[in-house]
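Before I ask anything, here is the structure I am working with.
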Amino acid sequence: MNKAIQRRVAVCLVGAGVFLGTPMQLAIAQPANPVMHPAAKVVKPTAKDLGIQVLPNDAMPNLMARSAILIEAKTGNILYARNKDERRFPASTTKIMTLIIALEKGNLDDMVTVGANAVGLEGSSLYLEKGDKMPLRELLTGMMMQSGNDATVAVAEHIAGSVPAFAKMMTDKAREIGAVGTNFVNAHGLPDDNHYTTAHDLARITAYGYSLPEFESIVSVQDADYNWLRDPSKHITSENKLLWQYRGGNGVKTGYTERAGRCVVSAAKRDGVQLIAVVLDDPVMWTDAYAMLDYGFAHTRPSSFCKAGEEVAKTKVADARIDEMTLVAARDSVIGILQDENPKLEKKIEVPDEISAPIKKGDVVGKAICYADGIVVDRVDLLASQDVAYHTFWSDFTGWITKLMKGLF
């Protein structure tokens, strides 16, 4: 038998061994001491491994959060939830309510003077010192970006005179919003048995925050420079990496203490749809937050009530050269609805029957109240579309007399 034929026979025998699963195949295909790739040795834990009970109907069983919720901000509709009403420690996600109270009770242009109680507070810090002064807006922005516990005390004392008084405002506001499973005793979130919330409450609180004009502009800041920073660079970068890692990311706040675990309230807006995802006590909080937001955007579609600058209504005008004026929407109003749902959308226009000149373009004249299936989901300011000067027959007559007198004398 020549060598070419021998090679063909050998190949056929090996092939037969592979097909039949004979010892020949084992001897040829596997080394005596197989080496496993390091990555193959890693066994990723599951929610069950952490002692988390995952219900059979859980739409996202691979999440590692002990409590989680995903909502559409304007409607409050729940897109996903796990242990949403279970009491948990909020850690620095507390600062979302700190920001809300400061926006509603303070003036962003106020100068805040740092008191002794704020200096040297444990945990995350902006390294403030007694006597430091800075605008409230900058202090709040730094607080949300770097989670400065010292900043929360300075804010609380500036607004309410003391941290306990400010914490009462926070709890009262939570009750007003409907977050009845929440109680605050401080403005920063350091552990206290009486300082607690739920995933659903944090989602409600955050959704309310997005209804305030300055909230989004503060929680979505990625980088900032402030002269009062003690770091030589004077530069802050947000701890919330969602802002640049996730398309549409526009907030909100991270948190961590040993008792709370890793927490994040994350938010993103696409095509006008604002989603809020909360994960509490989650070792892979970023992975889970992104997965929840992906799930939300995959299961919702935008539905618009109005667009910024769009004509929404008209109203009569007195004491002017025109009888009627157009009113336009101050901003877009969009909600996210589930792909297979078609809620009844309505707008109720609230404007006076008549307004009097003078009027400036951009003046708030009324509101458009937006409803989905009879429930209020948004309120949009209606603005004057043009300047309207004061004008009457008597004003024309007196103006003519004034011109005449100037001409005579």
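Within the bounds of region 178-185, is there any residue that is farther than 22 Å from Arg262 by Cβ and either open to solvent by less than 30 Å² (accessible area, probe 1.4 Å) or of a type in the set (Lys, Arg) (or both)?
The answer is yes; a qualifying residue exists.
Could you pull out the residue among Glu122, Glu138 that is among the acidic types (Asp, Glu), open to solvent by 10 Å² or more (accessible area, probe 1.4 Å) and at pLDDT 95 or above?
Glu138
Within the bounds of region 66-79, is there any residue that is among the charged types (D, E, K, R), more than 25 Å from His195 (Cα to Cα) and surrounded by fewer than 20 Cβ atoms within 10 Å (Cβ to Cβ)?
Going through region 66-79, the residues among the charged types (D, E, K, R) turn out to be 66, 72, 74.
Narrowing the set further to residues that are more than 25 Å from His195 (Cα to Cα) leaves 72, 74.
Imposing the further condition that a residue be surrounded by fewer than 20 Cβ atoms within 10 Å (Cβ to Cβ) reduces the set to none.
No, the conditions are met nowhere in region 66-79.
For region 98-117, give me the residue count where each residue is closer than 14 Å to Ala151 by Cα and touching a Gly at 6+ places or on another chain (Cβ under 8 Å).
3
Let me spell it out: the conditions are (1) of a type outside the set (Asp, Glu); (2) on the phi > 0 side of the Ramachandran plot; (3) not in a loop (DSSP other than H, G, I, E, B), and Ala165 meets all of them except one. Which number is the exception?
Exception for Ala165: condition (2).
Given the options Leu212, Leu242, name the one that is out of contact with any strand residue (DSSP E or B) (no Cβ under 9 Å at 6 or more places or on another chain), in contact (Cβ under 8 Å) with a residue 24 or more places away in the chain and farther than 14 Å from Thr93 by Cα.
It is Leu212.
Among the listed residues Tyr226, Tyr208, identify the single one that is surrounded by fewer than 21 Cβ atoms within 10 Å (Cβ to Cβ), under 29 Å from Leu136 (Cβ atoms) and touching a helix residue (DSSP H, G or I) at 6+ places or on another chain (Cβ under 9 Å).
Tyr226
Suppose we keep only residues that are hydrophobic (A, V, I, L, M, F, W, C) and not in a helix (DSSP H, G or I) within region 80-109. Which one would you say is surrounded by the most Cβ atoms within 10 Å (Cβ to Cβ)?
Per the criteria, the residue is Phe89.
OK, next. Out of all the residues in region 328-345, is one or more in contact (Cβ under 8 Å) with a residue 60 or more places away in the chain, under 28 Å from the mean Cα position of the chain (by Cα), at negative phi and not in a strand (DSSP E or B)?
Yes, region 328-345 has at least one match.
Scan region 284-327 for residues that are closer than 15 Å to Gly272 by Cα, open to solvent by less than 20 Å² (accessible area, probe 1.4 Å) and within 19 Å of the chain's Cα centre (by Cα) and report the count.
Residues in region 284-327 being closer than 15 Å to Gly272 by Cα, open to solvent by less than 20 Å² (accessible area, probe 1.4 Å) and within 19 Å of the chain's Cα centre (by Cα): 3 in total.
Any residue in region 295-322 that's of a type in the set (D, E, K, R): show its pairings with residues that are open to solvent by 50 Å² or more (accessible area, probe 1.4 Å) and outside any loop (DSSP other than H, G, I, E, B) at Cβ separation under 6 Å, as long as the two are six or more apart or on different chains.
Lys314/Glu324; Lys316/Glu324; Lys316/Glu354; Asp319/Ser356
Shifting gears a bit: Considering only region 156-197, state which residues are touching a Pro at 6+ places or on another chain (Cβ under 9 Å) and farther than 23 Å from Gln146 by Cα.
Passing the criteria: only Thr182.
Which one of these is within 15 Å of the chain's Cα centre (by Cα) and surrounded by fewer than 16 Cβ atoms within 10 Å (Cβ to Cβ): Lys168, Lys234, Lys253, Lys241?
Exactly one of Lys168, Lys234, Lys253, Lys241 is within 15 Å of the chain's Cα centre (by Cα) and surrounded by fewer than 16 Cβ atoms within 10 Å (Cβ to Cβ), namely Lys241.
Glu129: among the charged types (D, E, K, R), closer than 17 Å to Arg230 by Cβ and in contact with a Lys or Arg (Cβ under 9 Å, 6 or more places away or on another chain), yes or no?
Yes, satisfied.
The values are calculated or read from the model by the stated rules, or taken from the named source; none is laboratory data. Keep in mind that what you see is a predicted model, and the values were worked out from it rather than measured. Backbone-built Cβ (ideal geometry, glycine too); neighbour counts: all protein chains shown. For the accessible areas, the whole protein counts, side chains as well, though only heavy atoms, and no ligand, DNA or RNA atoms are used. Shrake-Rupley method; radii C 1.70, N 1.55, O 1.52, S 1.80 Å.
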